[in-house]
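In what follows, a structure is listed as structure tokens, so that the remarks can point back to it.
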Amino acid sequence: MATPRRTVGELLVSAARAYHSPYWQPAVDVYETARGWVLKYELAGVAPEDIEVHVAGRVITVRGVRRDLRIEEKRQSFCMEISYNRFERALEIPCDLDTMELATQYRDGMLIVVLHCQENKS
Amino acid sequence: MNAAEVTPEKHDAPQSRTLPILPIKNTVLYPYLLMPLSVGRARSIAAVEAAATSEDKTILIVSQRDARVEDPTFEQLYTIGTEAVIKRLERHEGAIQLIVQGTRRMEIIEPGRAMPFLEARVHALPEPSDTGDEIDALERNIVDQAGQIQAMSNADAPISIAQVLSQFKDPLHKAYMMATMLSLDSEKEQQLLEASSRLEGLRLMHELLAHEIQIVELRQKIATQAQSEMSREQREYHLRQQLRAIQEELGEGGGEQAEVDELRERMEKIELPQDVRKEAERELGRLARLPTAAPDYQITRSYIELILELPWDKTTEDNLDLARARQVLDEDHYGLREIKERIVEQLAVLKLNPAAKAPILLFVGPPGVGKTSLGQSIARALGRKFERMSLGGMHDESELRGHRRTYIGAMPGRIVQAIRRAGVRNPLLMLDELDKLGRDFRGDPSAALLEILDPAQNHEFRDNYLNLPFDLSQTFFIATANTLDTIPRPLLDRMEIIRLSGYSEEEKVQIAKRYLIARQLKDSGVTAEQVSIPDETLRAIITRYTREAGVRQFERLIGQLARKIAVRYAEGRGEPTTIKPDDLPELLGPERFFLERARESMPPGVSTGLAWTETGGEVLYIEALALPGGRDLMLTGQLGEVMRESARAAQSYIWSHAAQLGISEESLKSTGVHIHVPAGAIPKDGPSAGVAMATALASMYSGEPARGDTAMTGEITLTGLVLPIGGVKEKVLAARRAGIKTVILPEQNGKDLRELPDEVRSEMKFVLASKIEDALSVAIPALAERLKSVATIRYAEAPQGNGKKAAAKGEPV
């Protein structure tokens, strides 16, 4: 639910933030373009069919599951830094998304969401 | 819009599934919360491995009922736990560090296998979603309580609990967060996890927090109390620091704290009896509070120093080697057999009974016979420390026993001071000149000595200054005196009296050869090769230049000789010299005393008496003269009352036995008598001249002279008995000096002859008289025939046997 504009207060409680959702959050890049917005989610290792994009009002939510690949002959885990299982990332975009044209593309582990405005942003 | 409104239920994991189980101790993981875990148990590691290998990294976290169980079974786990996703994993030296995040509550519905890890079929429990006013109220209350607890326990946390809690939208999740942050016991935490409705969970949490607040309050109260305890001491410390700063500012500072510290340090190091330590600590506490300028400061400080310096428990080991002690005593002193034996006896006693009380001896004898140096020598023989104090002229009891500390300038008594100097509890303490103790209105020191010298009391001697009992019972007291007459009876009673009589000429020669010559030559820097003093020269010095019982003057004269020789050597005309008696007038001046030769012939009415003085014995001539026409008895020569009475007794006896002695009654009636005892300037007293008086009178009345070579001593009674007297040795030695060959003694003094040197005993004859007639028939040869019927003349046995025995024993006599 973070907005691109963060406040100092939010930083202070960043430690506590993780608690309000049990899911991991993929990293995201947000660009404003001449015609709207481009969102880029880092979702390596997630099967495209496990990704779901949901739009409601100004909020666009990407959620899904990252399932680990089975690696043969594994005997011991030494380090695990990649988050698995369910993820969810909700972003508030300053325009009415319901009226926007939405296109998704999954390429090399990245999910790209392109939002094109039908009119000027409010 | 708000992310929470997004319902993420589409990707729900299955409601029931099989999961590996990770048991945890002492805590509970709640849904939504992150928790770092360290996993070390083999089955737990296996469970984590299984979860990490699964595609969704899910594991069930369940708390143990008992934290002490190392390898729990299903029965030892709660049945409700939390499904969690492993967020991070790192393996570290056999253990695995995890960060897990809870997702939902789950119940174990069917335990599965237990090896290689616990695994069970689990079923998700519904997330409580009840609402209501009470829940809202409880929620707010809980946030308030949390803030309260944080404020009380940790005021400067970087982040407020309320702020953290505001991140949670679900009131139950706030409760979960609170439970994690507070250190609750795990049973309560599990109860919260198992709460099936928000209301139940919040009520529980509210209750727990209320309890927690009470505990924190109580804890704070205890802490405050402890702090106030401490701050009282701290306050005192700070005040003292300030005081010192002020004193330093005033220029009176410094020093004293260091002094107090130093005293305290010394006190901790030494051993003190308990009550003494208590007293010392009390005084030290006082000292620490006193400013240096206070008059009490120095008093208290010297008092503490005295306590610290006194040898409360320090003793020297006695040297109990009898042979060595004998040797030491013989090295230092010639003769004095009786005293040496007494010391050896004491050593033997100490050897058999180490706890024996030290004896209290009193050496009585003329000056210069070595009483004081004998004390030193005894100390050396015993291996004890030697301390000496002179009581001469002491007239104040406080000098012995100290002044009470209330007086400015108060000091401990001489006894305690001597002990302090000695540094041990068992020194040999010599009390010199006991007979010269003074006594006046200020007190009677002999009374204080009564306590000090009483073995029954002196183990708890209390000095007025010290005011603590000190044990003197191991102290070896030796007192010295020239005469017993001035010593109070009760004091005499407490001591063992040992008499040192004067030395004979022969003894003096021996003493000179052994000690005096060597000492004086050394002092003058002359060697034994440069000068030799043969025996006859020594004898000449003794008889012609000195008249004393001891050897002080004798030693001075030897010193004079040595110095004369030293002058010769210093002037470069020295040569090895042997000093002959004829050289003495040149070196020492004219003879000071003419040898009191026995008068060759004496007129009738003169007899030779013997007297004892503090400086030894004297020969006295008693002169009686008939005064025609007079009837009285006149006595001159500074005679004391006792002596006057004994003269009267003698006269009465002679008168009543006139017929027997062949004296005409006429001569008794028509003549008065004058008795004079030279030298007239010296006061004389005592009963021991009775025999000599009777002899002088008998000789005068009968007109027959007494023998010139016979001296006599003894008290008489009216019925003519001769009673024993004291000072036999001195008297006999004086008689011998005067060249007298025969001494008439009371029969009962026969035993005293043993004290005499053997050469004296073999040279002289001793008549033991029990009646006046015995004495008269020996002293006046002309009367012997007339008294034949009543007199028995008994000579003392010659000492040969004794002497030989003594010589065989190697006694230096």
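The values are calculated or read from the model by the stated rules, or taken from the named source; none is laboratory data. All of these numbers come straight from a predicted model, not from anything done at the bench. Because the Cβ atoms are built from the backbone with ideal geometry, glycine has one as well, and the counts that use them run over all protein chains shown. Areas reflect the complete protein model, heavy atoms only, side chains present, ligands, DNA and RNA absent. Shrake-Rupley method; radii C 1.70, N 1.55, O 1.52, S 1.80 Å.
Just a few scattered comments:
- Entries of B:LYS340/B:LYS729; B:LYS25/B:LYS169; B:LYS385/B:LYS508 with Cα pairs more than 24 Å apart: B:LYS25/B:LYS169; B:LYS385/B:LYS508
- P(r) weight above 35 Å for chain B, C-alpha pairs, percent: 70
- For region B:56-131, with all protein chains in place and a probe radius of 1.4 Å, 50% of the accessible heavy-atom surface sits on carbon or sulfur.
- Normalised per residue, the accessible area of region A:26-106 is 56 Å², obtained with a 1.4 Å probe and no contribution from ligands, DNA or RNA.
- Shielded residues, region B:79-94 - accessible-area loss of 40 Å² or more between chain alone and all protein chains, probe 1.4 Å: B:LYS87, B:ARG88, B:LEU89, B:ARG91
- Accessible-area order (highest first, 1.4 angstrom probe) of the listed residues B:SER228, B:SER446: B:SER228, B:SER446
- Residues B:ARG707, B:ARG235, B:ARG41, sorted by accessible area with the largest first, give B:ARG235, B:ARG707, B:ARG41 [1.4 Å probe; ligands and nucleic acids excluded].
- Region B:158-201: C-alpha gyration tensor shape, a/c 1.5 cut-off, then a/b vs b/c: oblate
- With all protein chains modelled, accessible area of B:SER63 [1.4 Å, Å²]: 10
- Sequence-distant aspartates and glutamates (8 or more away, or on other chains) whose Cα lies within less than 16 Å of B:LYS174: B:GLU127, B:ASP130, B:GLU134, B:ASP136, B:GLU139, B:ASP144, B:GLU189, B:GLU194, B:GLU200, B:GLU207
- Semi-axis lengths, Å, region B:8-147, gyration tensor of Cα atoms, sqrt of 5 times eigenvalues: 27, 18, 16
- The spacing between region B:366-408 and region B:49-98, judged by their C-alpha centroids, is 90 Å.
- Size of charge dipole - region B:517-663 - debye, nearest 20, with Cβ of Lys, Arg +1 and Asp, Glu -1, no other charges: 140
- Cα gyration tensor of region B:433-477 - equivalent ellipsoid semi-axes, whole Å, descending: 20, 14, 8
- Against chain B, whose longest principal axis is taken from its Cα atoms, helix B:322-332 shows a tilt of about 50°.
- Across chain B, Cα pairs under 8 Å and at least six residues apart give a relative contact order of 7 percent.
- Rounded to 10°, Cα long-axis angle of helix B:337-352 versus longest principal axis of chain B: 20
- Within the accessible area of region B:536-598 (1.4 Å probe), percent carbon and sulfur: 48
- Averaged over the residues of B:45-57, the number of partner chain Cβ atoms lying within 10 Å of the residue Cβ comes to 4.
- Angle between chain B longest axis and helix B:535-545 axis [Cα atoms, degrees, rounded to 10]: 80
- Heavy-atom accessible area for B:GLU90, with the other protein chains in place and a 1.4 Å probe, reaches approximately 90 Å².
- Accessible area expressed per residue, region B:20-149, with surrounding protein chains retained (probe 1.4 Å, Å²): 42
- Here the accessible area is traced with a 1.4 Å probe on the protein chains. For region B:699-776, carbon and sulfur cover 49 percent of it.
- Whichever lysines have a C-alpha closer than 16 Å to that of B:LYS513, once near sequence neighbours (fewer than 8 apart) are set aside: B:LYS522, B:LYS580
- Charge dipole of region B:613-768 (Cα centre as origin; +1 on each Lys and Arg Cβ, -1 on each Asp and Glu Cβ, all else neutral): 140 debye, rounded to the nearest 20.
- Solvent-accessible area per residue, Å², over region B:182-264 with all protein chains present [probe radius 1.4 Å]: 68
- Accessible surface of B:THR671 - all protein chains present, 1.4 Å probe, nearest 10 Å²: 20
- Selection from B:LEU449, A:ALA103, B:ALA226 lying farthest towards where the dipole of the protein assembly as shown points positive, charges on Cβ: B:LEU449
- Heavy atoms of chains B and A lose about 3500 Å² of accessible surface on contact, summed over both sides with a 1.4 Å probe.
- Of B:LYS669/B:LYS751; B:LYS57/B:LYS188; B:LYS741/B:LYS771, pairs whose Cα-Cα distance is over 31 Å: B:LYS669/B:LYS751
- Which of A:ARG89, B:ARG737, B:ARG519 is most accessible, then next, and so on - probe 1.4 Å: B:ARG519, B:ARG737, A:ARG89
- Of the residues A:PRO26, A:THR61, B:MET177, the one whose Cα sits farthest towards the positive end of the charge dipole of the protein assembly as shown is B:MET177 (charges of +1 on Lys and Arg Cβ, -1 on Asp and Glu Cβ, taken about the Cα centre).
- A full extension of the chain between B:ARG282 and B:LEU627 corresponds to an added length of 115.9 nm, given 0.36 nm per residue minus the alpha carbon distance.
- Dipole magnitude (debye, nearest 20) for chain B, charges at Cβ of Lys, Arg, Asp, Glu: 3520
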